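Accompanying notes for the structure given below.
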Amino acid sequence: MTTVACDGYWMAADGLVTNGNELAIEFSDVKIIQLKDGSILGRAGAYHALESLRSFLDGETEEVESAGEWSALRLMPDGIGLYYCEHHPTLGTPASWPATLGTGGELALGAMLAGATPEEAVVIAAQRDVTTGGKITVLTRIEEMKT
């Protein structure tokens, strides 16, 4: 699976790709992206879910294609957080910070509650969660980048 961690300003995610219980060592995945409106979207679960949800949220498609089991976390430019999942892909439910997704999410949440940044939290989760690892991607809200 993965680990996505967000504190309301920064979002970080690992890049390890798994297929069930098998690691896909030769692949690396970017699991967080910036949308047209400046929000940041991160996902855990099905590989193609991020692109399908991005297309919907950016207004390029009218629905989210079925992509298997997934969950997503969206950090809006104003700091509001929203969760999405395959059961309700067009309805974002409120998230509070810090927030995490994926199999390493609980480890990352504990790390952030103890003072770690989202990036540090993903690194910590990777030490104990075998489906978290690889290159870590970190993005920040556009509002924060301007200051």
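The values are calculated or read from the model by the stated rules, or taken from the named source; none is laboratory data. Predicted, not measured: the structure shown is a model, and the values here were computed from it. We place every Cβ from the backbone using ideal geometry, glycine too, and count neighbours over all the protein chains shown.
Here are the numbers:
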| quantity | calculated |
| --- | --- |
| For residue 97: the one exception among (1) farther than 26 Å from residue 52 by Cβ; (2) in contact (Cβ under 8 Å) with a residue 40 or more places away in the chain; (3) among the hydrophobic types (A, V, I, L, M, F, W, C) | (1) |
| Residue in segment 52-64 that is aromatic (Phe, Trp, Tyr), out of contact with any Cys (no Cβ under 6 Å at 6 or more places or on another chain) and part of a helix (DSSP H, G or I) present | yes |
| Members of segment 11-34 found to be of a type outside the set (D, E, K, R), at pLDDT 90 or above and either more than 13 Å from the chain's Cα centre (by Cα) or within 25 Å of residue 106 (Cβ to Cβ) (or both), listed by number | 11, 12, 13, 32, 33 |
| Out of 82, 91, 113, 107, sole residue that is surrounded by 19 or more Cβ atoms within 10 Å (Cβ to Cβ) and aliphatic (A, V, I, L, M) | 107 |
| Complete set of residues in segment 36-51 that are outside any loop (DSSP other than H, G, I, E, B) and under 20 Å from residue 140 (Cα atoms) | 40, 41, 42, 43, 44, 50, 51 |
